[in-house]
Amino acid sequence: HSYERMTLFLDRMKPSNLIHRFDRELAVHEFIFLTEKTINEEFEYNSSQQLYITKNSWKNIVDSKNAIIELLHKTYDGLKGEVQLDEFKTIFIMNYMEGNDYIVETIEDLRKEILIIT
């Protein structure tokens, strides 16, 4: 069940899923604040799962969480002037797609681990 919970957590952190949360009328900084708060709260709620997952997988989950939060802030910092939330979300997704899909890689590693365990 730990692997399932952490897979769900990772899936919910994908930028394509994050952008659908919250009111469309928010300012960009409000969206970033609420998104980061939600990610951290869900992570804390699931933190006990580290007892049942390998250290390497747990590290990958933490790294993915931190990378998404960092990407939110880097995207915002990289924009000059005020942008609308829809524009920010588009740029956020594009920035994520430019790099490695570390969330999918982490989920795949969890799948491989569970196959070894079972």
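The values are calculated or read from the model by the stated rules, or taken from the named source; none is laboratory data. Source: prediction; values computed, not measured. Methodologically, a virtual Cβ is constructed for each residue, glycine included, from the backbone with ideal geometry; neighbour enumeration extends over all protein chains shown. Just so you know, the surface numbers come from the protein's heavy atoms only, side chains and all, with ligands and any DNA or RNA stripped out. Shrake-Rupley method; radii C 1.70, N 1.55, O 1.52, S 1.80 Å.
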### Task
State all residues of the range 4-20 that are surrounded by 16 or more Cβ atoms within 10 Å (Cβ to Cβ) and not charged (D, E, K, R); if no residue qualifies, say none.
MET6, THR7, PHE9, LEU10, MET13, PRO15, LEU18, ILE19
### Task
Could you pull out the residue among LYS55, LYS65, LYS80 that is open to solvent by less than 60 Å² (accessible area, probe 1.4 Å) and either of a type outside the set (A, V, I, L, M, F, W, C) or at pLDDT 95 or above (or both)?
LYS65
### Message
From the list ASN17, ASN60, exactly one residue is closer than 30 Å to ILE117 by Cβ and out of contact with any Leu (no Cβ under 9 Å at 6 or more places or on another chain). Which is it?
### Response
ASN17
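For the range 21-35, which positions are open to solvent by 50 Å² or more (accessible area, probe 1.4 Å), at pLDDT 90 or above and either under 15 Å from the mean Cα position of the chain (by Cα) or at positive phi (or both)? Quick ask: steps written out before the conclusion?
Step one: filter the range 21-35 for residues open to solvent by 50 Å² or more (accessible area, probe 1.4 Å), giving 22-25, 29-30, 33-34.
Restricting the remaining residues to those that are at pLDDT 90 or above gives 29-30, 33-34.
Residues satisfying the conditions are PHE33, LEU34.
Residue by residue, here is whether (1) free of Cβ contacts under 8 Å to residues at least 60 places away in the same chain; (2) small (Gly, Ala, Ser) holds:
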| position | (1), (2) |
| --- | --- |
| GLU4 | yes, no |
| ILE19 | no, no |
| PHE31 | yes, no |
| LEU34 | yes, no |
| GLU42 | yes, no |
| SER48 | yes, yes |
| ILE53 | no, no |
| SER57 | yes, yes |
| SER64 | yes, yes |
### Residue match in the range 83-93 (condition: in a loop (DSSP other than H, G, I, E, B) and either touching a strand residue (DSSP E or B) at 6+ places or on another chain (Cβ under 7 Å) or modelled with pLDDT under 95 (or both))
yes
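Could we say that ASP101 is of a type outside the set (S, T, N, Q), free of Cβ contacts under 8 Å to residues at least 40 places away in the same chain, open to solvent by 60 Å² or more (accessible area, probe 1.4 Å) and under 13 Å from PRO15 (Cβ atoms) here?
Working: of a type outside the set (S, T, N, Q): yes; free of Cβ contacts under 8 Å to residues at least 40 places away in the same chain: yes; open to solvent by 60 Å² or more (accessible area, probe 1.4 Å): yes; under 13 Å from PRO15 (Cβ atoms): yes.
Yes.
Only one residue in ILE53, ILE116, ILE69 is β-branched (Val, Ile, Thr) and not in a helix (DSSP H, G or I). Which one? Give the steps one after another, and end with the answer.
On the way: ILE116 fails: not in a helix (DSSP H, G or I); ILE69 fails: not in a helix (DSSP H, G or I).
Being β-branched (Val, Ile, Thr) and not in a helix (DSSP H, G or I) holds for just one of ILE53, ILE116, ILE69, which is ILE53.
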